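Okay, so here's the structure we're looking at.
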Amino acid sequence: MEKLYEGKAKIVYTGPEVGTYRVYYKDDATAFNGQKRAQIGGKGVVNNRVSSTLFRYLEAHGVPTHFLGELSEREMLVRQVEIIPLEVIIRNRAAGSFAKRYGVAEGTPLAKPLVEFSLKNDALGDPLIYDDAVLALGLASANELSRIKELALQVNELLKAFFSQRGLEVIDFKLEFGRLPGGTVVLADEISPDTMRLWEVGTGEKMDKDRFRRDLGGVEEAYQEVLRRVTGGPA
């Protein structure tokens, strides 16, 4: 295998066939644009298995993804895509930077799900970016942006239903999308406790990366519990 790219949480290698990649999930954890770093035992296994399960679920409900299959407990096989350099954030409640930005109490329900875009650029701190700026910079076409929003909202409804059956509420999450060689837009990257806010229904206990960001403790336990619920089926 040839290593193509190493990020904060994953390593991407060439796949066994042309047009495929092998993605290895690491235990490395970062927050605040890499300013806080640590290792979370078993995180790579959790994120690979949770992402694999959710990709299969989404595919079964009509969402096109880059996922092809699990190769090991830490590795998945995916289609080669050209990543669109946008982070797509879907919010159901005010939390994190959104709550701070607008002076809203964390946990406040939003009148409708919100889709935000940020520029995928660590050096600039992944700044928010408007639709017109995306188009002006040629990062995506108008049709691609429309399709991304449509898919993001579809994923939101599917994930809310999935996690509700498992006693967890989807507060917000980040998605990335890519283009297949023919230009088709598909869901890419990962969907895991690293990229979502999941709160325990009834108590609001955080079951995601915020436990690491905010030094709440019990990070490994929360990740393992999410894995148990995701792979174990409805409560």
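The values are calculated or read from the model by the stated rules, or taken from the named source; none is laboratory data. Given the structure is predicted, the values throughout are model-derived calculations rather than measurements. Glycine also receives a Cβ, built like all others from the backbone with ideal geometry; neighbour counts cover every protein chain displayed.
I'd like the full set of residues that are touching a helix residue (DSSP H, G or I) at 6+ places or on another chain (Cβ under 7 Å) and either β-branched (Val, Ile, Thr) or assigned to a strand (DSSP E or B) (or both), limited to segment 100-136. Matches in segment 100-136: 113, 115, 117, 134. Listed by first and then second residue, the pairs with beta-carbon distance under 9 Å, at least 6 apart or on different chains, first residue in segment 190-210 and aromatic (Phe, Trp, Tyr), second at pLDDT below 95, are 199/208.
Per this entry, residue 94 is counted among residues that are closer than 20 Å to residue 194 by Cα, surrounded by 20 or more Cβ atoms within 10 Å (Cβ to Cβ) and free of Cβ contacts under 8 Å to residues at least 60 places away in the same chain. Screening residue 139 against (1) farther than 29 Å from residue 201 by Cβ; (2) out of contact with any Leu (no Cβ under 7 Å at 6 or more places or on another chain); (3) of a type in the set (A, V, I, L, M) leaves a single unmet condition, (2).
The condition of being surrounded by 13 or more Cβ atoms within 10 Å (Cβ to Cβ), modelled with pLDDT of 95 or more and either outside the structural domain of residue 116 (by TED's automatic domain parsing) or farther than 29 Å from residue 157 by Cβ (or both) holds for only one of 14, 30, that being 14.
In segment 37-52, the residues that are aliphatic (A, V, I, L, M) form Cβ pairs under 7 Å with partners that are in a strand (DSSP E or B), at six or more places apart or across chains, as follows: 38/29; 40/29. In segment 1-56, counting only strands (runs of 3 or more DSSP E) that sit wholly within it, the ones holding 2 or more residues that are closer than 18 Å to residue 68 by Cα span 10-14, 20-25. Screening the candidates 22, 37 for the property of being under 28 Å from residue 184 (Cβ atoms) and either over 15 Å from the mean Cα position of the chain (by Cα) or in the same structural domain as residue 115 (by TED's automatic domain parsing) (or both) yields one hit, 22. So residue 54 clears everything in (1) out of contact with any strand residue (DSSP E or B) (no Cβ under 7 Å at 6 or more places or on another chain); (2) farther than 15 Å from residue 196 by Cα except one condition, right? Which one? Going through (1) out of contact with any strand residue (DSSP E or B) (no Cβ under 7 Å at 6 or more places or on another chain); (2) farther than 15 Å from residue 196 by Cα one by one, residue 54 breaks only (2).
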